[in-house]
Amino acid sequence: MELKLTDAQVKAGDEWANPTDGSVLVFVPGGLYPMGADDLSDDERPEHRVRLSSYWIGKYPVTNRQYAVYLAARFGLPSPEWVDPAYWNDSRFNAPEHPVVGIDWDDAMAYAKWAGLVLPTEAQWEAAACGPEGRSYPWGEDEPTKECLNFAENVGTTTPVGHYPTGAGPYGTYDQAGNVWEWCLDGWDECAYSKRGKDALDPVVLRAEDDVVLRGGSWNNDDPSIVRAAYRFGNAPTYRYDNI
């Protein structure tokens, strides 16, 4: 999200509370950021740099509590237009401060629009996760452990947002590794990086094909490479899983 504030008025990691949905946003300053990795798969190659304008990004994933407010505000109670997220009534996933799951890309886009926000591009998402120094994981270079994030079914379901302070990113974001996959604005293009020019400004892949970008890994992914900040994944925008 862009707010009408100059970089001189805010600094990296400053917070702002969105009055519509209560989301806490953190400030990421503009500049050059590394993106991709040469030691993962072809999808993340080549490692390169992008130039980003300053932006704000959610400190936490959207919670079930916030999503319930959105549904009530948009559709009223009850409404034939109200479509519950998948797993909305599943006690493993529906605690108020757990991240909402079972919503597809269109659901996420609609929520963001209602809140006066927008989904992050994958470049913005990655910059918030790894910072200008290009961390391998949001917390640094150490391999993932159960103290840093929710993954590898070490809990067996989602956990409350902000539950892993030692796993916070360089600007104070939580759960960018593990817990739930996060929808991004971009359409999926496995060759996007190889097509990109030097220090591309605010890159985004406009959705032209069926798949869109997901980032961050989830509670049931057990491969440490999947929760790397640079790891990228494409999936159909209609999927409504318990880990997205």
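Structure data summary
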read-out: Candidate set: the range 195-244, residues that are small (Gly, Ala, Ser), in contact with a strand residue (DSSP E or B) (Cβ under 9 Å, 6 or more places away or on another chain) and more than 20 Å from Ile103 (Cα to Cα); chosen: the one modelled with the lowest pLDDT; value: Ala208
read-out: Residue in the range 174-187 that is more than 12 Å from the chain's Cα centre (by Cα) and surrounded by fewer than 18 Cβ atoms within 10 Å (Cβ to Cβ) present; value: no
read-out: Filtered residues of the range 206-242 (kept if touching a residue at least 40 places away in the same chain (Cβ under 8 Å), open to solvent by 20 Å² or more (accessible area, probe 1.4 Å), in a loop (DSSP other than H, G, I, E, B) and within 23 Å of Met109 (Cα to Cα)); value: Tyr231, Thr238, Tyr239, Arg240, Tyr241, Asp242
read-out: Candidates Asp106, Asp38 - the one that is of a type in the set (Asp, Glu), closer than 23 Å to Asn179 by Cβ and out of contact with any His (no Cβ under 8 Å at 6 or more places or on another chain); value: Asp106
read-out: Residue match in the range 68-84 (condition: among the β-branched types (Val, Ile, Thr) and closer than 27 Å to Val204 by Cα); value: no
read-out: Test: residue in the range 67-83 that is of a type in the set (D, E, K, R), out of contact with any helix residue (DSSP H, G or I) (no Cβ under 8 Å at 6 or more places or on another chain) and over 20 Å from Trp188 (Cβ atoms); value: no
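The values are calculated or read from the model by the stated rules, or taken from the named source; none is laboratory data. The structure displayed is predicted, hence computed values, not measured ones. Note that each Cβ is placed from the backbone with ideal geometry, even for glycine, and that neighbours are counted across all protein chains shown. Heavy atoms of the whole protein, side chains included, go into the accessibility calculation; ligands, DNA and RNA do not. Shrake-Rupley method; radii C 1.70, N 1.55, O 1.52, S 1.80 Å.
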